[in-house]
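Here the structure is laid out as structure tokens; the discussion comes afterwards.
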Amino acid sequence: MKKLSTKKKTSLELFRLRKTLNALASKEGRATELITLYVPPGKQISDALNMLRDEYGTASNIKSNTTRKNVQDAIVKVQQRLKLFKAPPENGLVIFCGAIPQNGAGSERMETYVIEPPEPIKVYLYRCDSRFHTEHLQEQLREKETYGILLIDASEATIATLQGKRLEIVREMTSGVAGKTRAGGQSARRYERLRDMQLNEYFTRVGGHANDIFLPIDTLKGIILAGPGPTKYDFEKGDYLNYMLKNKIIDTIDTAYVEEQGVKEVVERAPEIMRKVRYIEEKNIMQQFLYEIGHDTGLITYGEAEVRRALEAGAVRTLLISEKVDFLRVTVQCSACGYEEKHTVKSQKLTEFEQGLSGKPCPKCQAPSLAVVDKQDIIDDLAQLAEQANSDVEIISTETEEGQMLKNAFGGIAAILRFKMQG
Ligand SMILES: [Zn+2]
């Protein structure tokens, strides 16, 4: 159970990081003035600071006054942030900083983002460009999981691992199994029996190597079984693979080859296979939810207010949020008396909502002093509640029928409960 919940938290963490990176990747500077800095673990902060001091000096040669000022301001901001660390955190540190136009020319505002990556970063990199360089972090999103590839036919087998873009062919084996046609003079039955024994020995050998290679990989997400012809199915049917690995077979595909060429065929199709894995997970989670509805067990709820109430009561086992949910949780405060209230507002309606507040009397002191003081993505808001309640959080895409249903029929926010809620 424990393990499951760590895995599930990851879906949220990854979602958050992916969202931040997508936002960063879409930002554009007015000119070459956005700074990206990757500091790997083990690097001295003082080295990075010295390097920035040099870059600051170099920037004084920039001809355009505005660009020079923006670059130098950004470097100073990065230095300030770096100085807050004695040493880089466990996985290193990535800082993005620069003047981002908010609303056309002249509207630039300095934005700074400090990210502690999910995995150790390997590059030490400084870039000053018209965009932020997020690609090394994007890469980490894909690199978290490892896939095992096992190709097999009657004559050869290949075992490989794929982590992110890193493909490693770990082992190649030949079967030594005689061909299907026997030489003259042998009895057909004897020949068959001999061949079966050889095949069995070969499958056992391949299974043994696959167990040795795949079992110790704790990030192993799934195994793809491949090869030309039916041998792969015979191999799968027998007990040659450890049962834990057998349960991890996510797809069985036909390839034209068994060797390196065959591995490449699998890798080409890997993104599609991996996406399928997450869709299957999402479908299973949604099926659970729909089962509870269908059987009227009372162990589900949906709609933002209801789910929030269930979260606050500690009743939520699994929080389901559609990634397409686009609401903000907004805090409104009266600057005269400190009165506070919270609202959920559609992102596109925020300006309208803020305009509606002007001149409106405070419910407590009647002063027309209400204003939005804080806003947060509803996903983050609910996820925080879920973390406090020790609930799992699943961010569900709209790529499956069930995911569409979550968004359209249940407003994108639902929960599977630990216990029934009263009334
Ligand atoms: Zn007030």
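The values are calculated or read from the model by the stated rules, or taken from the named source; none is laboratory data. Small disclaimer: the values here were computed from a predicted structure and weren't measured. No Cβ is skipped: glycine too gets one built from the backbone with ideal geometry, and neighbour counts run over all protein chains shown. Keep in mind that these areas ignore ligands, DNA and RNA; they rest on the heavy atoms of the full protein, side chains included. Shrake-Rupley method; radii C 1.70, N 1.55, O 1.52, S 1.80 Å.
Among Gly359, Gly338, which is the only one that is near the ligand (Cβ under 9 Å from one of its atoms) and either modelled with pLDDT of 95 or more or open to solvent by less than 80 Å² (accessible area, probe 1.4 Å) (or both)? Even if it seems obvious, please write down each step before you answer.
On the way: Gly359 fails: near the ligand (Cβ under 9 Å from one of its atoms).
Matching residue, one of Gly359, Gly338: Gly338.
Quick check on this structure: which one of Leu225, Leu194, Leu245 is open to solvent by less than 60 Å² (accessible area, probe 1.4 Å), in contact (Cβ under 8 Å) with a residue 12 or more places away in the chain and in a helix (DSSP H, G or I)?
Of the residues listed, the single one that is open to solvent by less than 60 Å² (accessible area, probe 1.4 Å), in contact (Cβ under 8 Å) with a residue 12 or more places away in the chain and in a helix (DSSP H, G or I) is Leu245.
Is it the case that some residue within the range 362-373 is touching a helix residue (DSSP H, G or I) at 6+ places or on another chain (Cβ under 9 Å) and away from the ligand (no atom under 16 Å from the Cβ)?
no
From (1) surrounded by 14 or more Cβ atoms within 10 Å (Cβ to Cβ); (2) of a type in the set (Val, Ile, Thr); (3) within 16 Å of the ligand (Cβ to nearest atom), pick out the condition that doesn't hold for Val345.
All conditions pass for Val345, except number (3).
Inside the range 83-95, can you point out the residues that are under 18 Å from Asp73 (Cβ atoms) and open to solvent by less than 20 Å² (accessible area, probe 1.4 Å)?
Ile95
Is it the case that some residue within the range 376-391 is of a type outside the set (A, V, I, L, M), closer than 18 Å to Glu281 by Cβ and either touching a residue at least 60 places away in the same chain (Cβ under 8 Å) or open to solvent by less than 40 Å² (accessible area, probe 1.4 Å) (or both)?
Yes, because at least one residue in the range 376-391 is of a type outside the set (A, V, I, L, M), closer than 18 Å to Glu281 by Cβ and either touching a residue at least 60 places away in the same chain (Cβ under 8 Å) or open to solvent by less than 40 Å² (accessible area, probe 1.4 Å) (or both).
Just to be sure before I move on: is Thr318 touching a Ser or Thr at 6+ places or on another chain (Cβ under 7 Å), open to solvent by less than 60 Å² (accessible area, probe 1.4 Å), touching a residue at least 12 places away in the same chain (Cβ under 8 Å) and of a type in the set (Ser, Thr, Tyr) in the structure I sent?
Criteria met by Thr318.
Which numbered condition in (1) closer than 21 Å to Lys237 by Cβ; (2) out of contact with any Gly (no Cβ under 8 Å at 6 or more places or on another chain) is the only one that Phe203 fails?
(2)
Just to be sure before I move on: is Ile250 within 29 Å of the chain's Cα centre (by Cα) and at pLDDT 95 or above in the structure I sent?
no
Would you mention how many residues in the range 96-140 are open to solvent by less than 20 Å² (accessible area, probe 1.4 Å) and within 14 Å of the chain's Cα centre (by Cα)?
3
Restricting the search to the range 154-170, which residues are under 19 Å from Glu201 (Cα atoms) and either modelled with pLDDT of 95 or more or touching an Asp or Glu at 6+ places or on another chain (Cβ under 7 Å) (or both)? Walk me through it before giving the result.
From the range 154-170, those under 19 Å from Glu201 (Cα atoms) are 154-159; that's our starting set.
Passing the criteria: Glu156, Ala157, Thr158, Ile159.
What are the pairs with Cβ atoms under 8 angstrom where one residue, in the range 33-47, is within 9 Å of Tyr124 (Cα to Cα) and the other, located anywhere, is open to solvent by 50 Å² or more (accessible area, probe 1.4 Å) and in a loop (DSSP other than H, G, I, E, B)? Sequence gap at least six, or different chains.
Qualifying pairs under 8 Å: Tyr38/Tyr124; Val39/Tyr124; Pro40/Pro120; Pro40/Lys122; Pro40/Tyr124; Lys43/Tyr124.
For the range 17-28, which positions are among the basic types (Lys, Arg) and assigned to a helix (DSSP H, G or I)?
Arg18, Lys19
A quick yes/no check of all residues on (1) buried (at least 16 other Cβ atoms within 10 Å of the Cβ); (2) assigned to a helix (DSSP H, G or I); (3) modelled with pLDDT of 95 or more:
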position	(1), (2), (3)
Arg30	yes, no, no
Leu37	yes, no, yes
Gly42	no, no, no
Arg53	no, yes, yes
Asn61	no, no, no
Thr66	no, yes, no
Asn70	yes, yes, no
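Which of the following residues is among the acidic types (Asp, Glu), away from the ligand (no atom under 16 Å from the Cβ) and under 30 Å from Gly207 (Cα atoms): Glu259, Glu306, Glu312, Glu354?
Glu259
Among the listed residues Ile300, Ile223, Ile213, identify the single one that is over 16 Å from Val170 (Cβ atoms) and within 31 Å of the chain's Cα centre (by Cα).
None of the others qualify; the one that does is Ile300.
Could you tell me which residue of the range 155-171 is farthest from Leu14 (Cα to Cα), considering only residues that are open to solvent by less than 30 Å² (accessible area, probe 1.4 Å) and not β-branched (Val, Ile, Thr)? Even if it seems obvious, please write down each step before you answer.
Residues of the range 155-171 open to solvent by less than 30 Å² (accessible area, probe 1.4 Å): 157-162, 164.
When the remaining residues are screened for being not β-branched (Val, Ile, Thr), the result is 157, 160, 162, 164.
Working: Ala157: 35, Ala160: 26, Leu162: 19, Gly164: 15 Å.
Among those that are open to solvent by less than 30 Å² (accessible area, probe 1.4 Å) and not β-branched (Val, Ile, Thr), it is Ala157.
Where residues in the range 321-335 are in contact with a helix residue (DSSP H, G or I) (Cβ under 6 Å, 6 or more places away or on another chain) and in a strand (DSSP E or B), which of them is nearest to the ligand (Cβ to nearest atom)?
Top of the filtered list is Arg329.
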